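Since the structure comes first, as structure tokens, the remarks are kept for the end.
The values are calculated or read from the model by the stated rules, or taken from the named source; none is laboratory data. For clarity, every value in this text was computed on a predicted model and none was experimentally measured. Please note: Cβ atoms are built from the backbone with ideal geometry, for glycine as well, and neighbour counts cover all protein chains shown.
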Amino acid sequence: MIQAGWYKAVTDLINYSQVRRTDIMFPLNDMAAHLNMNEVSDSDITKKQFYNTIIAKRIDFRNIYNEYSYEILGFVKALQVYVNDRYTSIDDFLSDNNIKVLSIFANISAEVGFTIDDDNIIVEPVL
């Protein structure tokens, strides 16, 4: 059986490696809004081109970064299957070992079929 400390370290690493997926949208939205409202001339062609590029790339970034990679999903599924096959459930393993996973990892786990009880999840504060 995997040691609790290793499990926690791996889940935290996966969680933090995926944080970027949500953070990228806020600066792009702010930049587009600022450009749209504060730049000197609405008739400026360069401004319009840049604004349109931000909007177009924002959609691309949302599509790329708001989905977990096949590799991450596969790894988390394998990890959870391994633990689940050797323990009564993921939640029992977490509770019995006093482990709380971070919310992004919990979301990934749910996406691969292993929902984690809210009592075993730490919700990170919004920075």
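Points worth noting:
- Among the candidates THR53, THR46, THR88, residue that is loosely packed, with under 10 Cβ neighbours inside 10 Å, free of Cβ contacts under 8 Å to residues at least 60 places away in the same chain and assigned to a helix (DSSP H, G or I): THR46
- In segment 59-90, the residues that are of a type in the set (Val, Ile, Thr) and farther than 19 Å from THR11 by Cβ: ILE59, ILE64
- For first residues located in segment 30-42 and small (Gly, Ala, Ser), partners that are at pLDDT 80 or above and lie 6+ apart or on another chain with Cβ distances below 6 Å form the pairs ALA32/ILE54.
- Residue in segment 25-39 that is at pLDDT 75 or above and acidic (Asp, Glu) present: yes
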